[in-house]
Each structure stands twice: as C-alpha cells, then as structure tokens.
Amino acid sequence: MQNPKILVLSGSSRSGSLNTQLAALTCKRLALADADVSRISLADYSLPIYNGDLEEEKGVPENAKKLATLFEKQQGVFIASPEYNAGVPPLLKNAVDWMSRVSKADGKTTTAFKEPVFALGSASPGGFGGVRNMIGFRTVMEFGLGANVLPEMIILSRAGSAFTDKGDLKDEGVSKQLDTVVAALLDAARRRM
C-alpha cells in the first residue's frame with residue numbers, strides 16, 4: 001500500500017519559531033507513522049503583499065504557482081501557525097491569498113485547497129496557545145477557500161518551555177494530543193488516495 005503524501009509547513013519564518021518547532025515534530029511523527037512527508041518553509045517562496053493592481057499588471061507570482069502545485073500533489077497538509085494580535089500571521093495569509101488566485105491552463109482555479117485535507121496547529125508562549133488564530137485561520141480555510149479542515153488540532157500554550165532539548169514535547173497529555181492530530185490526518189489522507 002502506498003503511503004499518503006503529506007506536506008508540513010510553519011506560518012512563521014522567524015529563526016527559533018515555536019511553530020517551526022511544532023512543524024518539525026509533526027513531520028517527525030508523520031514519518032514514523034509511514035507518511036511520505038515533506039516540509040517546506042514559506043521563506044523559500046517569497047511573495048509580494050497581495051494587491052489586485054499588481055496581479056493585473058504582472059500576473060500571479062511564480063512562487064504562488066509553485067506552492068499551489070505542491071499543495072495539489074498532497075493528500076494532506078499540516079500547518080503550524082503563530083498568532084499575531086489574535087489573528088492569522090501576514091506571511092501565511094498572504095501566501096494563501098496569492099495561491100487562491102492561481103489559475104490552471106484550462107482557466108479553472110487551483111485545487112490546492114480542495115485536493116488535500118488540512119490539519120492545523122498553533123504554538124504560543126502565551127496561555128491561549130494561539131487558539132484565537134486557529135478560529136480565524138479555520139474560517140479563512142473552510143469558508144474562504146473551501147478547504148476540508150479536520151476538527152482535530154493541536155493548541156500548544158506556554159510553548160516556550162514545552163519542548164525538550166531534542167524537540168519532543170515534555171507534557172504527555174499534549175504529546176497525545178499531537179498523536180491524535182497525526183492519526184486523524186493520516187486516516188483522512190489515506191482516504192484521498
């Protein structure tokens with residue numbers, strides 16, 4: 001049986017990002033569960049801030065097209081996103097906004113948000129763990145883009161002290177929460193094969 005293809009990314013490109021740590025750990029757990037997993041950084045897909053005039057003048061940037069094509073080839077995507085002022089970080093929101101503008105050769109819009117199933121997570125040094133961002137980002141993904149987002153998600157509060165030196169989670173309960181997200185994503189991704 002073929003293993004599902006799952007893409008993992010962080011909504012942050014900051015060095016030392018807690019969400020990049022969460023993405024790395026999720027990637028590791030998915031690989032241990034036999035997923036064909038790959039991880040990317042949005043820093044490698046630089047995009048200008050979305051502007052309709054810019055799109056009309058120059059078209060959709062190549063990096064947005066590359067991201068959309070990459071998403072379309074997956075059965076699952078895990079996104080770990082920081083919370084910025086109780087909302088979605090601009091790096092991540094800008095990437096999905098540009099990706100939503102990608103058209104195929106036949107004129108139809110990208111299926112980057114329709115093909116894979118999505119799982120979300122957030123790590124924050126605060127007590128809310130990024131849950132306010134998850135509400136907003138889930139709205140963007142489900143209602144704005146028509147994505148299938150799993151109800152299971154990982155909300156990691158006090159994340160500055162949540163990881164061991166080896167990148168694992170210290171708290172057993174939170175670790176089990178991540179296992180639940182990984183299992184749900186794998187199950188849903190296998191059904192898309």
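For the reader, a short list of remarks on this structure follows.
- Listed values (i) -0.49, -0.55, -0.86, -1.01; (ii) -0.40, -0.49, -0.86, -1.05; (iii) -0.31, -0.38, -0.75, -0.98, entry calculated as log10 I(q)/I(0) by the Debye sum over Cα atoms at q = 0.09, 0.10, 0.14, 0.16 Å⁻¹: (iii)
- Two numbers describe the Cα atoms of the stretch 22-76: Rg and Dmax, which are 14.9, 46 Å.
- Accessible solvent surface per residue of the stretch 40-84, calculated while the other protein chains remain in place, 1.4 angstrom probe, Å²: 52
- Here's the list of lysines a cross-link from residue 73 could span, going by alpha-carbon distance under 21 Å and ignoring same-chain residues fewer than 8 apart: 5, 28, 65, 93, 104, 108, 114.
- When each of the peptides 5-16, 135-146 is scored by the mean number of other C-beta atoms lying within 10 Å of its residues, the order from highest to lowest reads 5-16, 135-146.
- With R₀ fixed at 30 Å, the C-beta to C-beta distance from residue 176 to residue 40 puts the FRET efficiency at about 0.65.
- The residues of the stretch 124-183 have, on average, 53 Å² of accessible surface per residue, using a 1.4 Å probe with all protein chains present.
- Packing-based ranking, highest mean first, of 117-124, 54-61, 180-187 given that Cβ atoms within 10 Å are counted: 117-124, 180-187, 54-61
- Scaling the Cα radius of gyration of the stretch 123-193 by the globular reference 2.2 N^0.38 Å produces a ratio of 1.24.
- Two-decimal log10 I(q)/I(0) for the stretch 1-105, as the Debye equation yields it once each C-alpha is a single scatterer, q = 0.17 Å⁻¹: -0.82
- 4 °C / 1.567 mPa s Stokes-Einstein diffusion coefficient of the stretch 61-164, Kirkwood radius on C-alpha pairs, µm²/s: 91
The values are calculated or read from the model by the stated rules, or taken from the named source; none is laboratory data. No experiment lies behind these values; they were computed from the predicted model shown. Every residue, glycine among them, receives a Cβ derived from its backbone with ideal geometry; neighbour counts consider all protein chains shown. Calculation scope for accessible area: heavy atoms of the full protein, side chains included, ligands and nucleic acids excluded. Shrake-Rupley method; radii C 1.70, N 1.55, O 1.52, S 1.80 Å.
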